[in-house]
Amino acid sequence: MSSYQDTRKLTRTISITSGKGGVGKSTIAANLALQIAQTGKRVLLLDGDFTMANLDIMFSVRTNDSVESVLLGAKELKDIIMNVHPGVDLIPGGSGIYSMSRMSVFQKRFLMDQIAKLEGVYDYLIIDTAPGIDEDVLYLNSSADEVSIVLTPDPASVLDAYALIKVLNSHYKEVRFSILTNLVKDEKESIRLFKAVSDMAEENLLIHMKYLGFIPYDLSLRHAVKQRKLISLASPKSASSLALARLSKNMTAVNETVQSTGGLKVFWQQILNVA
Ligand SMILES: Nc1ncnc2c1ncn2[C@@H]1O[C@H](COP(=O)(O)OP(=O)(O)O)[C@@H](O)[C@H]1O
Ligand SMILES: [Mg+2]
């Protein structure tokens, strides 16, 4: 068997993040997971927003479990993972993620053993993060194969995205970033936002910025949220659903050529800082 085939089996990790809050990260992470799963891939979603874990609610499931139950020795990782849709599994958030960088070596190793068992089960790990530059957010992002930053037309979102890029570059030596936009009018506005950030970043830092696409502001998405439904399921032909489908295509097409650098195991090793 060629080494090419070997690396193909690794789980590719993608973080969905932002400098500023409320830009649509969780909406995007959940719907991307659905769209990717529809192409026959297996997706694991990690709710990494410890300040406001809500992916379980988005998928209309409730749980008191989180990674914390695993650390307390009460549960195995595989027991807290929830199947929320065909092809989509969820690691629920809660405060468990928050305490990861503060875990004991013993706890980290225990969790690593559990995670090693999942390698190869999933094609993608999608991480929904909290916004900003807190240590735990930086950890999750720096451990992912692809850091995808969400921008919106709010001027603060561009500046905060730049701040996030800058600290990930200087503290974690991240040099590649992907950009997607949300809540925009059209592609023209999206490209303008991308250029604003990439010009600033590439002028001041030695980094490479990639444009992934955009999701328009969509009233039917608001409507779906009010009904506690995910737009890709509630209204697959809506402008935002079609945009999310294009986005997932772009993200996964890229992955055909750019291999995962380490898969699930390396992702968690980096988070937990154990070799
Ligand atoms: N493309 C869009 N069009 C209209 N409303 C949106 C869109 N994307 C997100 N929203 C709304 O924005 C709010 C914040 O979204 P959310 O995914 O929770 O953001 P975050 O995870 O970044 O805090 C939600 O009420 C959601 O319904
Ligand atoms: Mg969120």
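A few notes on this one:
- Condition check for GLY120: touching a residue at least 12 places away in the same chain (Cβ under 8 Å), of a type outside the set (D, E, K, R) and surrounded by fewer than 16 Cβ atoms within 10 Å (Cβ to Cβ): yes
- Being in contact with an Asp or Glu (Cβ under 8 Å, 6 or more places away or on another chain) and surrounded by fewer than 24 Cβ atoms within 10 Å (Cβ to Cβ) is a property that does not hold for PRO155.
- Flag: ILE16 does not match the condition of being modelled with pLDDT of 85 or more, farther than 27 Å from ALA253 by Cα and hydrophobic (A, V, I, L, M, F, W, C).
- Only one of ALA243, ALA234 that is more than 30 Å from GLU135 (Cα to Cα) and under 20 Å from the mean Cα position of the chain (by Cα): ALA243
- Within the range 26-53, residues that are in a helix (DSSP H, G or I) have Cβ atoms under 9 Å from residues that are near ligand 2 (Cβ under 9 Å from one of its atoms) and of a type in the set (D, E, K, R) in these pairs: SER26/ASP47; SER26/ASP49; SER26/ASP128; ILE28/ASP128; ALA29/ASP47; ALA29/ASP128; ALA30/ASP128, counting only partners at least 6 apart in sequence or on another chain.
- Selection count where residues are under 14 Å from the mean Cα position of the chain (by Cα) and either over 30 Å from ALA163 (Cβ atoms) or surrounded by 19 or more Cβ atoms within 10 Å (Cβ to Cβ) (or both), scope the range 36-73: 11
- Of the residues making up the range 125-134, those that are more than 14 Å from ligand 1 (Cβ to nearest atom) and either closer than 14 Å to TRP268 by Cα or in contact with a helix residue (DSSP H, G or I) (Cβ under 6 Å, 6 or more places away or on another chain) (or both) are LEU125, ILE133.
- Leading residue by the ranking (farthest from ligand 1 (Cβ to nearest atom)) among those in the range 180-196 that are touching a Ser or Thr at 6+ places or on another chain (Cβ under 9 Å) and closer than 16 Å to LEU164 by Cβ: PHE194
- In the range 150-179, the residue that is nearest to TRP268 (Cα to Cα) out of those that are touching a Ser or Thr at 6+ places or on another chain (Cβ under 6 Å) and in a strand (DSSP E or B) is SER178.
- The numbered conditions (1) away from ligand 1 (no atom under 16 Å from the Cβ); (2) modelled with pLDDT of 85 or more; (3) outside any strand (DSSP E or B); (4) not hydrophobic (A, V, I, L, M, F, W, C) are all true for THR261 except (2).
- Residues that are among the charged types (D, E, K, R) and part of a loop (DSSP other than H, G, I, E, B) were ranked within the range 60-86; the one that is nearest to GLN38 (Cα to Cα) is ARG62.
- Just so you know, in the range 14-26 the residues that are crowded, with 24+ Cβ neighbours inside 10 Å, within 7 Å of ligand 1 (Cβ to nearest atom) and not basic (Lys, Arg) include one that is nearest to GLY263 (Cα to Cα), and it is SER18.
- Considering (1) at pLDDT 75 or above; (2) outside any loop (DSSP other than H, G, I, E, B), the lone condition that TYR122 does not fulfil carries the number (2).
- In the condition set (1) without any contact (Cβ under 8 Å) to a residue 40 or more places away in the chain; (2) of a type outside the set (Gly, Ala, Ser); (3) within 16 Å of ligand 2 (Cβ to nearest atom), ASP113 is compliant with all but (3).
The values are calculated or read from the model by the stated rules, or taken from the named source; none is laboratory data. It should be emphasised that the depicted structure is a prediction, and the values quoted were computed from it without experimental measurement. Cβ: placed from backbone, ideal geometry, glycine included. Neighbour counts: every protein chain shown.
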